[in-house]
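A.B. asks: I have a structure I would like to understand better, so I am pasting it below and will then ask my questions one at a time.
The values are calculated or read from the model by the stated rules, or taken from the named source; none is laboratory data. This is a predicted model, so every value here is computed, not measured. Cβ placement follows ideal geometry from the backbone for every residue including glycine, while neighbour counts extend to all protein chains displayed. All accessible areas refer to the heavy atoms of the entire protein, side chains included, with ligands and DNA or RNA removed. Shrake-Rupley method; radii C 1.70, N 1.55, O 1.52, S 1.80 Å.
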Amino acid sequence: MPGHAKIEMKAIDHDLDHIGMVKFKLSGTEESCGKGNSDCHMSLSEWSAIDKTTLSKFPFFNVDDDRPIESIIRPSNAEDGNMESILMAANHGPGAGSLRQVPWGYLVHTGEIRTVHCNGQVHVTGPGRWAIKGTHRCFARWSKQESLTKDHIADGPFTFVRVRRGQLGLAVENGKPVLLQEGVHVYNNPLFRFTEFKPVDAEHVQHMSYHVLRVPRGCFGKITEQARAKLLPEGTHAVDNAVFEYKGLANSLEEYVKHGTIHIIQVPKGSLGLVFESSCPVFLEEGVHLYDSPTLNFVGIRNKQQPQILHGTISRFRVQKGQVGLAWLDSEPVLIEDPGTYQVDSANFQFESLVDASEKIITLGAKKIVTVYEGEVGVTYKAGTLAVLRPGRHYIDSADHMFDAFLSTQQLSLRLNGKNDVLACDTKDLVKIGIRADVFYRINDSEKALTQVGRSFIPELVKETSIATLNNIIRSTNLGEIATSPQPSAQSEKEQMEKVRNAQATGEASAPLFFDKAHDQFIAKLHDDFLSRYGLEITNIRIEEFKIMDDSLAASIAGQAIKTAATQSELANLEGQTRIATQQQEREARMQQIRAEAEARNLQISAEAEKTQAEVMAAAQQVRSDAEANTTRTRAQAEADAILMTAKAEAEAISLKAKAEAHRAELLAKTPLGEKLSLLEVYGDVVKRSNEGVEKVVYMDPSTTSAGNPLALLTMQSLQRDLTQLSTPN
C-alpha cells in the first residue's frame, strides 16, 4: 500500500527521539540540582538544631563593634531611699559647706531635698532646718525644694535620676552618650544631662552612637555596618558605632530572607529553590543556603511534583504514565512518551505541554502520533498521495505527510427523506405515494472510496443514488402490488437469481410480494455496482411505511379496504362457526369413544383385581392353616414336655421328701422328746388340713368328742392319750 512503509520507518525516528532524551532523564536517586555557589549550606535539621549565636563565625553574622552590654551601661552611684548616700554623691562629700543646721532655719521636709546656689556651685541639703552660713549670705541663695519621689530632678549642674526596673536611662556626659542602669543616679556636673527613659525590652534602643538590640528567638536583626549589610543572630547586642543602622527583624523560619546582599534560602523537603547566580539559572536542593552576593536573584520555591518547572534556560518536567510530553530541541519537535522526570539546561530547548496519551491525534510541528481505533481508518496524504492508516498507533515525522481525518468503516445509515421527512414517488398508475425509508451501507475498500468518491461526498452519493433507484422501482409498480417485504438483509443479484431458479426447480413460489421485490431489486441493482466501482457495500434498505399522498384517493381506498375487511371478517366468522361445529361434533364423538374405552378398561381392571384378590386370599388361608398346624404341634409338644418335666420334678421331690422324713423320723425316734414333737407336728398338720376349704363352722358340744367318734375334734386329751400309748410298752 502506498505510504505504508514510510509510516513504519517513522516509528524508528520515534525511538531515536527516545534515545536522545534519555540523557536528560533523571533517575530515582539523581537530582540535577545542588548547592550553587552559596557561602554555606546545611540540612534543615542542622539549621533547626544549630545555636544561632554561633553563626558569628560567618562574616555577615559578625558585627565589628559588638560588645557586652555591661560595657556601655553605667551602674547607679547612690542607694535609693538612703538620704546620706544621695547627699554624699550630690555634694561630693558628707555635707553642704555653705549651710548649717539651726532651729530657726528653712525647713526641709522628710523625703525632700533643697538646693542652694553658692558662688557658681550647687549644694544639696536633706531634711531639717538649715540656714546659710554668714560668710556665704552675700553670694548664696536658696533654690526650689524637690521631693525624692520624682524620677528626675534637675537644677543647674545637679541631676537626680531614678531609673526604674525595666527601663534604661539615656544621658549625655561631656558630649558622649551614657546609658544608665536601673537605680538612682546623682550627678553634680554641668557636663551631664539626662535625656529620656527607654523600656529595657525595646527591640532597638538608639542613643547617639549607642545601639542596644534585642533579637528574639527565631529572628534575625537586619543591620548595616559601615555601609555593609549584616544579620544579627538571636540575643542581646550592644554596639557603639556612629555609622551603624538598624533595619528591622526578619523571621528565621521564612523560606527566603533578604537583607542587602545577604540571602538565606530554605528549600523544604520535596522542593527546589530557583535562583539566578550572575544571571545564570540554578536549582537549589533541599536544605538551607546562605549567600552574600550582590548578583544573586531569588525567584521562588517550587514543588518537585509540579508537572513543569521553567527557570531561565532550565526546563524540568515530569511525564506521567499515560502522558506525552511535547517539546522543541534544536528547532526539532520531540515527543516524549517514556515516563519519568527530565531536566534540560539549554537555550535551544523549549517545553510546550503535556497531553493525554489517549488522545487520537497528538501533533507538534511535523511529528504526529495518530491512534486509529478498530472500525475506522485514518486518512493521510504523503506528498499528495493517499496513505490510509489501519487500526493501531502510528508515528509520523514528515512535513509533507498530512493527516486529514478519520473515516468510519462501520455500518452507517442514511434517511432517504424529502419534504416532511417523506420521500415522494409516483407509481406506475401515476399515484403519488410517500415512503419513509433508510439505507444502510459501510465502506469495504477505503482507498477506492476515497479516490473515486472523496470522504465528504460518500453520504451524498449513497443518498442520491438510493433515492433515484427507489423511484425507478416504484414507477414500474402498480399501487395494488405494494406489500411488506420479509427480506431484511443484503443480497447480490446473482444470489437472488440463484434462489429464484432453486424455487422454480422445487415448485415453490418464486414471485415475491412488492416490498420483497422492491427490497431485492434495490439491493441487486446497487450492491455489486457500488462494491466494485466505489468500494462501498450497500447492506440493506429498510422501508418503514408508506402512505398515499392524495387524501381523497386514500379515503376511497380506505373505505374499500374497510368493506373488504368486513366481507373477509364475515367469511372468516362463517368459516369459524363451521369449524367450531365440526370441532364440537368431533369432540363429542371422541368423548364417547374415550368413555367406552374407559368403561372397558375399568371392567378389565376389576376382573383382574378380583382374580388377584382371590389368589391372594387362598394363599393367605393356606399360610394361616400351615401356621395354625405348626402352632398346635408346637404347643402340644411344649405341654407334653412340661407335664413330663413336672412329673419328674414331683417324683424327685416326693422321693427326696420321703427320704428326708424317714431320716427325720429315724432321728426323732431315738429320743422320747423327738417322738412327742413328731406326734405334735402330725396333730398340727391334721388340724390345719382339716380346716382347709371350711366355709361354715358348726358348734359342737365338747362332750361329744369322745374317743371313737369320727366327728370328734382333736383335743389335748386325745393328744395326751396318744402320747401315753406311745410311751407304754406293748
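A.B. asks: State whether the residues of the range 555-570 include one that is more than 30 Å from PRO459 (Cβ to Cβ) and either touching a strand residue (DSSP E or B) at 6+ places or on another chain (Cβ under 8 Å) or touching a residue at least 60 places away in the same chain (Cβ under 8 Å) (or both).
C.D. replies: Yes, that holds for at least one residue.
A.B. asks: Go through the residues of the range 86-107 one by one and say whether even a single one is among the β-branched types (Val, Ile, Thr), loosely packed, with under 13 Cβ neighbours inside 10 Å and in contact with a strand residue (DSSP E or B) (Cβ under 8 Å, 6 or more places away or on another chain).
C.D. replies: Yes, the range 86-107 has at least one match.
A.B. asks: Does GLY128 meet the test of being open to solvent by less than 40 Å² (accessible area, probe 1.4 Å) and not hydrophobic (A, V, I, L, M, F, W, C)?
C.D. replies: Here the answer is yes, as GLY128 does meet what is asked.
A.B. asks: Output the qualifying pairs, or none if there are none: Cβ atoms under 8 angstrom, residues six or more apart or on different chains, first residue in the range 372-385 and more than 11 Å from MET402 (Cβ to Cβ) and in a loop (DSSP other than H, G, I, E, B), second residue open to solvent by 70 Å² or more (accessible area, probe 1.4 Å) and among the aromatic types (Phe, Trp, Tyr).
C.D. replies: Partner pairs satisfying both residue conditions: none exist.
A.B. asks: Please specify each residue of the range 57-85 satisfying the condition of being of a type in the set (Ser, Thr, Tyr), surrounded by 15 or more Cβ atoms within 10 Å (Cβ to Cβ) and part of a helix (DSSP H, G or I).
C.D. replies: SER85
A.B. asks: Mind counting the residues in the range 38-56 that are more than 18 Å from ARG214 (Cα to Cα) and outside any loop (DSSP other than H, G, I, E, B)?
C.D. replies: Total satisfying the criteria: 9.
A.B. asks: Moving to a separate point now. Please work out if ARG475 is at pLDDT 80 or above and loosely packed, with under 13 Cβ neighbours inside 10 Å.
C.D. replies: The answer is yes for ARG475.
A.B. asks: Out of (1) surrounded by fewer than 20 Cβ atoms within 10 Å (Cβ to Cβ); (2) at pLDDT 90 or above, the odd one out for THR224 is which?
C.D. replies: Unmet for THR224, out of (1) surrounded by fewer than 20 Cβ atoms within 10 Å (Cβ to Cβ); (2) at pLDDT 90 or above: (2).
A.B. asks: Of the residues that sit in the range 243-271 and are assigned to a strand (DSSP E or B) and open to solvent by 50 Å² or more (accessible area, probe 1.4 Å), which one is nearest to SER71 (Cα to Cα)?
C.D. replies: GLU245
A.B. asks: Also, quick follow-up: Residue check: is GLU537 within 30 Å of ILE443 (Cβ to Cβ), open to solvent by 80 Å² or more (accessible area, probe 1.4 Å), among the acidic types (Asp, Glu) and at pLDDT 75 or above?
C.D. replies: When the stated conditions are applied, GLU537 does not pass them.
A.B. asks: I'm told THR363 meets every condition in (1) closer than 30 Å to ILE541 by Cβ; (2) in contact (Cβ under 8 Å) with a residue 40 or more places away in the chain except one. Can you identify the failing condition by its number?
C.D. replies: For THR363, the failing item is (1).
A.B. asks: Any chance the range 229-242 includes a residue that's open to solvent by 20 Å² or more (accessible area, probe 1.4 Å), among the polar types (S, T, N, Q), outside any loop (DSSP other than H, G, I, E, B) and touching a residue at least 40 places away in the same chain (Cβ under 8 Å)?
C.D. replies: yes
A.B. asks: Based on this model, can you work out whether GLU544 counts as assigned to a strand (DSSP E or B) and modelled with pLDDT of 70 or more?
C.D. replies: yes
A.B. asks: Checking GLU352 against (1) within 28 Å of PRO459 (Cα to Cα); (2) in contact with a Phe, Trp or Tyr (Cβ under 8 Å, 6 or more places away or on another chain); (3) open to solvent by 20 Å² or more (accessible area, probe 1.4 Å), only one condition comes out false. Which one?
C.D. replies: (1)
A.B. asks: Okay, moving on. Being polar (S, T, N, Q) and either open to solvent by less than 70 Å² (accessible area, probe 1.4 Å) or closer than 21 Å to LYS25 by Cβ (or both) is the filter here, so list the residues in the range 296-310 that pass it.
C.D. replies: The answer is ASN303, GLN305, GLN306, GLN308.
A.B. asks: Confirm whether GLU286 is within 20 Å of MET42 (Cα to Cα), at pLDDT below 90 and of a type in the set (Asp, Glu).
C.D. replies: Considered against the rule, which asks whether it is within 20 Å of MET42 (Cα to Cα), at pLDDT below 90 and of a type in the set (Asp, Glu), GLU286 comes out as yes.
A.B. asks: Going by what's in this entry, would GLY169 be described as crowded, with 18+ Cβ neighbours inside 10 Å and out of contact with any Cys (no Cβ under 8 Å at 6 or more places or on another chain)?
C.D. replies: Answer is yes for this residue.
A.B. asks: Do we have any residue at all in the range 183-199 that's closer than 30 Å to THR236 by Cβ and not in a strand (DSSP E or B)?
C.D. replies: Scanning the range 183-199, I find at least one residue that is closer than 30 Å to THR236 by Cβ and not in a strand (DSSP E or B), so the answer is yes.
A.B. asks: Could you pull out the residue among SER346, SER331 that is among the hydroxyl-bearing types (Ser, Thr, Tyr), surrounded by fewer than 19 Cβ atoms within 10 Å (Cβ to Cβ) and on the phi > 0 side of the Ramachandran plot?
C.D. replies: SER331
A.B. asks: Looking at PHE194, PHE244, which is the one that is of a type outside the set (Lys, Arg) and over 27 Å from VAL108 (Cβ atoms)?
C.D. replies: One residue alone meets the criteria, PHE244.
A.B. asks: Please specify each residue of the range 28-56 satisfying the condition of being open to solvent by less than 70 Å² (accessible area, probe 1.4 Å), at pLDDT 75 or above and either under 30 Å from PHE349 (Cα atoms) or out of contact with any Ser or Thr (no Cβ under 9 Å at 6 or more places or on another chain) (or both).
C.D. replies: CYS40, HIS41, MET42, SER43, LEU44, ILE50, LEU55
A.B. asks: Still on this structure: Within the range 312-343, which residues are outside any strand (DSSP E or B), within 13 Å of PHE24 (Cα to Cα) and touching a residue at least 60 places away in the same chain (Cβ under 8 Å)?
C.D. replies: Across the range 312-343, the qualifying residue is only ASP338.
A.B. asks: Take the conditions within 13 Å of ARG74 (Cα to Cα), in contact with a Leu (Cβ under 8 Å, 6 or more places away or on another chain) and hydrophobic (A, V, I, L, M, F, W, C) and apply them to LEU232. Does it pass?
C.D. replies: Considered against the rule, which asks whether it is within 13 Å of ARG74 (Cα to Cα), in contact with a Leu (Cβ under 8 Å, 6 or more places away or on another chain) and hydrophobic (A, V, I, L, M, F, W, C), LEU232 comes out as no.
A.B. asks: Follow-up. Residue under question is ILE654, and the condition is that it be modelled with pLDDT of 85 or more and not charged (D, E, K, R); does it hold?
C.D. replies: No, not satisfied.
A.B. asks: Anything in the range 503-534 that is modelled with pLDDT under 60, more than 19 Å from ILE435 (Cβ to Cβ) and not in a helix (DSSP H, G or I)? List them, or say none.
C.D. replies: Result: GLY507, GLU508, ALA509, SER510, ALA511.
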